[in-house]
Amino acid sequence: MDKQRHSPPSWSTKFLAWFLKEDYYEDVQGDLEEEYQLLIKSKGLSRARRWYNWQIIRLFKPDMAKKIEAQNSIEKETTMFKNYFKIGLRNLWKYKSSTVINVIGLSTGIAAFVLIALFIKDELSYDRHHEHAENIYRVTVKNYTRDGDLSRQWAFASAGHASRLKEDYSEITHATRFYAWALPDLAYKDQTFRSEQVVFCDPDAFEIFDFEFLAGAEESVFPDIYSLVLTRATAIKIFGNDWEEKNIIGETVTLSRDDNEAPFKVTAVIEDMPAQQHFHFDYLAPIRFVEMIMGEDAANNVGGNYNWMTFIRTNPGADIPRLTQAANEEFWDKYIGQFDSGVDARNFYDFEFQPLLDIHLKSNLEGEYETNGSIEQVYIFGIVGVLLLLIACVNYMNIATSHYSRRMKEVGVRKVIGAFKSSLIKQFLSESVLVVAVSLPLAIILILWALPYLNNFMDKELAFNPFIQTDIFFGLLILLITVGSLAGLYPALFLSKINLVQALKGEQSMNASKWNFRSFLVTFQYIVTIGLLFSIGVIESQMKFIQNSDPGFDRQYMVTLNLPRGDHNNETFRNELLKNPQIEKATFSSRIPTGRLADNWGSRFFKGDSAIATNFRLPVVTVDKYFLDTYGIDILAGENFRDGMETNLLPDTMVTGHYIINEAAAKALGFNDPTEIVGKKLGYGPSEGRIIGVMKDFHFESLHSPIVPTLFLTRDRYRRISLKLSSENLRETLNYIENVFAQFDSESDPNYRFVDDLFNEQYQKEERLGTMIKVFAAIAILISCLGLIGMVGFIIETKLKEIGVRKVLGASTQSIWLIISNRFLILIGVAFLIGLPVAYWFMSDWLEGFVYRTNISIMLVIMPAVIAVLLTLMAIAYQTLQATRVNPVECLKDE
């Protein structure tokens, strides 16, 4: 018996038929197949297949290939697309209601997506304009407790870190420090500019970062310690708009602060720092001036005073993990060794070299120079933007597949006269791209209308001009094609795959299956809507929890401001303010609640005569004897500060201290009963004394953080004054404060702030997130409802005869309404079971960012489904009512 005959590889044969000239095909293919069968017998199937494929490839030559009539092909395609365009316009006009719903849905989805994309693009662009951005790192310092737990991480380093790191490690080519010197006053001729933002830096700053020079030369930017670099804005501020016409290089500007005053010469003018940069300065001056003022010890300090923002630039390809490990193993031993207590410094400190491009979105360290963004927020907005665009596309798919059923017979006729599946796909894809093209101008109008509101709300300067910004122009073009293809792909494939008999039967055949792909699309819309509604509920609940929570201090009608500058008595200033009966109380402090607990001098607790260093961080706040009463904080044990209890620190001198601690500090020291720790001896920094009282815990920092052990002492140096105001005549009281401040300091601004506003600003990111999620949810609901209305309208239209029969048989409007609603209610149930767990997981993770947080109640869980059901029933009810009012005779007259 002959062995079974094997056919040649099909893909090779098809490829041969596609490219080989028709005159050659029959002979060549026959010869190849004959030889193929012989090789199977002699060499085996595998080798025969390889030989056959290789022969096909060898035949793929210009002289063997068909001639492609490019011009005719292009003309044919152009003619076909013109035809598709005309048919598309006719159908858009013919089905006006569907067109309006699709255009509104797509334009709204596209506008939301583009606005979110502009925001994300801006967030991701921070610091990327620097040429060496990939090789720039910020030096940050970690501090650990005795137990090895991370206590804090500073965004700053010590004064001596930069030069020593550069000297010790060859990978580091440049290092610079930035130091803001207490907002000095600037004077030029008869003009004085108060509290200007002058920052001092090393010359390497101009090698690490890219500053555009408008005047002066980078090579001679700091010829001596009295050099000053201006930005464009400050050059205009000091010398006027015509500063470029004046020769301001070499002009003298006097800097003064407290008892220090020095003449500086302008050596350069640089362009204003771009908005997409994580730090901004108005003036730059040599850091050697600050070193001269502070002295050599402060300039070389490597184990404290973390106020020097430090950056390094490394060689390209430097091994940063290895560099970090080496620095942490060697630096602290080399320059500090052991503390007085005998413990190694390296056990308490670590360096972390933070990539420049990670700072804006991935850093929230202690002492950040400016408020940074959030990579989590970028992820959330990105996901929501894509979901909104998908909802708009799904909306189009649902309505398109529903209404395209009216064109079933058209598809059947086209197939009868020889239309290929590919031509039908091209036609329907062209129509969807046309709908998106019509939606795009409306989307652009929506973007231009909404962008100013977004900029104001997010404090951004986003720009949208596709005619100037080529990246936006091409982005919109890609979006047009992508959305058009995505939205039209399923309808095109759906209709093109229908067989001839099914197409000629019409729409009843198409709608025979109750559970089709459109059901999954509608379910997807419900999943997104329910997820967004649940997110809104959780965010609102957390914000309400924060607003209603008791921080443990009085923040109502509390105003805080800087103390006046100059030579004056703080008590005199306080007494002058308290002459106004609307100012009820006043207190001085170094920091105020809603601030950060940054100061920590190191503490020791005495057991008998032995001093034991505490194994936890104990930050300090300097207050006066009126602080607790003004802020309404209770003393649980002991007493408040009295006159004569000041802890005035002196250099190299151990002084007597009097301390009040909070409950958390008492518990950290091992005393659950606050009365037991009163009178115990404590050492803090260069002082030793007694704990005179324990205050009730309160939230000095935000609810993102736990209440930490805190120590309070009183001394003669303060930064701010807090005033408790009456709720009456508030405007007049604020005017009085301004007038009194001007009597003591006529050249400065009091810059008063309400503590309540400062409290709310701690949760600004969450407030913004909540507001944006509300807007996104509203857009998602709008698009979904439009699609729902369109789908319900079509379903009712196809069921008019059924509705007529039911009316004749005595069915009520309510029963017909429930029959139509039933399918959508099942989809809502499925969406609830899928969408809620996903949203619950995301929002639970978000709540983890708060130490004190709300509980997710059963009401928050049920609410999204209830809202989705109500919106669906309302959308169905109106159209069902309209349909049932039609006379059944009109519906059945064709039967």
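Summed over segment 181-204, the residues that are of a type in the set (Gly, Ala, Ser) and either open to solvent by less than 10 Å² (accessible area, probe 1.4 Å) or farther than 15 Å from residue 266 by Cα (or both) give a count of 2. The strands (runs of 3 or more DSSP E) located wholly in segment 241-356 that include 3 or more residues which are of a type in the set (Val, Ile, Thr) and more than 24 Å from residue 138 (Cα to Cα) occupy 252-257, 260-270.
Using the structure shown, decide if residue 816 is open to solvent by 10 Å² or more (accessible area, probe 1.4 Å) and either at negative phi or in contact (Cβ under 8 Å) with a residue 12 or more places away in the chain (or both). The answer is no for residue 816.
Evaluating residue 399 against the criteria (1) modelled with pLDDT under 80; (2) aliphatic (A, V, I, L, M); (3) surrounded by fewer than 21 Cβ atoms within 10 Å (Cβ to Cβ) leaves one unmet condition, (3). Please indicate, with yes or no, whether at least one residue in segment 610-633 is under 30 Å from residue 368 (Cα atoms), modelled with pLDDT under 80 and either open to solvent by less than 20 Å² (accessible area, probe 1.4 Å) or over 37 Å from the mean Cα position of the chain (by Cα) (or both). Among the residues of segment 610-633, at least one is under 30 Å from residue 368 (Cα atoms), modelled with pLDDT under 80 and either open to solvent by less than 20 Å² (accessible area, probe 1.4 Å) or over 37 Å from the mean Cα position of the chain (by Cα) (or both), which makes the answer yes. Among residues of segment 146-173 that are free of Cβ contacts under 8 Å to residues at least 40 places away in the same chain, none has a beta-carbon under 8 Å from a residue that is surrounded by 18 or more Cβ atoms within 10 Å (Cβ to Cβ) and of a type in the set (S, T, N, Q) at least six positions away or on a different chain.
Please count how many residues of segment 267-289 are touching a helix residue (DSSP H, G or I) at 6+ places or on another chain (Cβ under 8 Å) and either open to solvent by less than 10 Å² (accessible area, probe 1.4 Å) or hydroxyl-bearing (Ser, Thr, Tyr) (or both). The number of residues fulfilling the criteria is 7. Scanning segment 449-474 for residues that are among the aliphatic types (A, V, I, L, M) and in contact with an Asp or Glu (Cβ under 7 Å, 6 or more places away or on another chain) yields a single hit, 462.
When you look at residue 149, is it crowded, with 18+ Cβ neighbours inside 10 Å and of a type in the set (Asp, Glu), yes or no?
Working: crowded, with 18+ Cβ neighbours inside 10 Å: no; of a type in the set (Asp, Glu): yes.
Considered against the rule, which asks whether it is crowded, with 18+ Cβ neighbours inside 10 Å and of a type in the set (Asp, Glu), residue 149 comes out as no.
Taking (1) open to solvent by 40 Å² or more (accessible area, probe 1.4 Å); (2) at pLDDT below 85 in turn, residue 411 satisfies each apart from (1). Hey, among the residues in segment 569-589 that are surrounded by fewer than 18 Cβ atoms within 10 Å (Cβ to Cβ) and within 14 Å of residue 717 (Cβ to Cβ), which one's nearest to the chain's Cα centre (by Cα)? Across segment 569-589, the extreme among qualifying residues is 570.
Can you confirm whether residue 242 is within 29 Å of residue 361 (Cα to Cα) and either open to solvent by 60 Å² or more (accessible area, probe 1.4 Å) or touching a helix residue (DSSP H, G or I) at 6+ places or on another chain (Cβ under 6 Å) (or both)? Step through it out loud before you land on a result.
Numbers: within 29 Å of residue 361 (Cα to Cα): no; either open to solvent by 60 Å² or more (accessible area, probe 1.4 Å) or touching a helix residue (DSSP H, G or I) at 6+ places or on another chain (Cβ under 6 Å) (or both): yes.
Taking the combined requirement at face value, the residue does not satisfy it.
Summed over segment 839-889, residues that are open to solvent by less than 40 Å² (accessible area, probe 1.4 Å), among the polar types (S, T, N, Q) and in contact with a Ser or Thr (Cβ under 9 Å, 6 or more places away or on another chain) total 4. Is segment 29-39 home to any residue that is modelled with pLDDT of 80 or more, in a loop (DSSP other than H, G, I, E, B) and open to solvent by less than 40 Å² (accessible area, probe 1.4 Å)? Scanning segment 29-39, I find no residue that is modelled with pLDDT of 80 or more, in a loop (DSSP other than H, G, I, E, B) and open to solvent by less than 40 Å² (accessible area, probe 1.4 Å), so the answer is no.
Please verify whether residue 540 is in a helix (DSSP H, G or I), open to solvent by less than 60 Å² (accessible area, probe 1.4 Å) and either under 28 Å from residue 701 (Cα atoms) or at pLDDT 85 or above (or both), treating the condition exactly as stated. No: the conditions fail for residue 540. Taken together, 756, 749, 697 contain a single residue that is within 27 Å of residue 584 (Cα to Cα), crowded, with 18+ Cβ neighbours inside 10 Å and under 34 Å from the mean Cα position of the chain (by Cα), which is 697.
The values are calculated or read from the model by the stated rules, or taken from the named source; none is laboratory data. No experiment lies behind these values; they were computed from the predicted model shown. Note: ideal-geometry Cβ built from the backbone for every residue, glycine included; neighbour counts use all protein chains shown. Accessible surface is based on the protein model in full, side chains and every heavy atom, while ligands, DNA and RNA are left aside. Shrake-Rupley method; radii C 1.70, N 1.55, O 1.52, S 1.80 Å.
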